[in-house]
Amino acid sequence: MGDQHDEAVAIRPATADDAEGIARVHTTSWRETYSRFVDDPDSSPWFDLGRRLEMWRGNLAQGAFDAVVAEDATGIVGFAAVQPTSEPDAVRPEELTMLYVLERAHGGGAGQGLLDAVLGARPASLWVAEDNPRARAFYRRNGFVADGATSSFGPIDTTVRLVR
């Protein structure tokens, strides 16, 4: 397992042809990260590949947000998406709505490459599971801090908003 990070990870804009690859990473990374929050991931719609595939086909076809993918020799291993925040009183002009990397690619630079490509150093907000120390440490290293707002999302009881 030690040499798997030697493979180069390329970051590029997502295209409509990436819907299946992104949906697979989305579903798998949700299982890896959040399956502990549900009784049965196999019966939860949040972990359903078909639902994710349909969502991504629509999102990419409509250009719903700026999205980038991370690829290695095996295909897509991560993705990130940013959208303008629509609320007039939004805390930041943009929201990092998604950044997921397969567990096997953690620590290989894909997450940082995705964040840099999709957001650069611009100010933004994002929501992260309160009980996700790895993600929270990653965002802290990138200048994001909790602003005190909390919510919930799907099977995740508590999410916290981070801003920079």
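Do you know which residues across the range 31-46 are open to solvent by less than 70 Å² (accessible area, probe 1.4 Å) and touching a Phe, Trp or Tyr at 6+ places or on another chain (Cβ under 6 Å)?
Passing the criteria: only Pro41.
Would you call Leu99 out of contact with any Asp or Glu (no Cβ under 7 Å at 6 or more places or on another chain), under 16 Å from Val25 (Cβ atoms) and without any contact (Cβ under 8 Å) to a residue 40 or more places away in the chain? If you could, list the steps in order and put the result at the bottom.
Values: out of contact with any Asp or Glu (no Cβ under 7 Å at 6 or more places or on another chain): yes; under 16 Å from Val25 (Cβ atoms): yes; without any contact (Cβ under 8 Å) to a residue 40 or more places away in the chain: yes.
Against the criterion (out of contact with any Asp or Glu (no Cβ under 7 Å at 6 or more places or on another chain), under 16 Å from Val25 (Cβ atoms) and without any contact (Cβ under 8 Å) to a residue 40 or more places away in the chain), Leu99 qualifies.
Quick test of your reading of the structure: Pro45 fulfils all but one of (1) within 21 Å of Gly111 (Cα to Cα); (2) in contact with a Lys or Arg (Cβ under 8 Å, 6 or more places away or on another chain). Name the failing condition by number.
(1)
Which one of Ala105, Ala124 is in contact (Cβ under 8 Å) with a residue 12 or more places away in the chain, closer than 25 Å to Phe37 by Cα and open to solvent by less than 50 Å² (accessible area, probe 1.4 Å)? Walk me through it before giving the result.
On the way: Ala124 fails: closer than 25 Å to Phe37 by Cα.
Only one candidate passes the filter, namely Ala105.
Pairs please, first residue from the range 74-89 and farther than 14 Å from Gly120 by Cα, second anywhere and part of a loop (DSSP other than H, G, I, E, B) and among the small types (Gly, Ala, Ser), Cβ atoms under 9 Å, 6+ apart in sequence or on different chains.
Pairs found: Ile76/Ala14; Val77/Gly108; Phe79/Ala14; Pro84/Ala90; Thr85/Ala124.
The values are calculated or read from the model by the stated rules, or taken from the named source; none is laboratory data. This one's a predicted model, so the numbers in the text were calculated from it and none came from an experiment. A quick note on method: Cβ atoms are made from the backbone with ideal geometry, for glycine too, and the neighbour counts reach across all protein chains shown. Heavy atoms of the whole protein, side chains included, go into the accessibility calculation; ligands, DNA and RNA do not. Shrake-Rupley method; radii C 1.70, N 1.55, O 1.52, S 1.80 Å.
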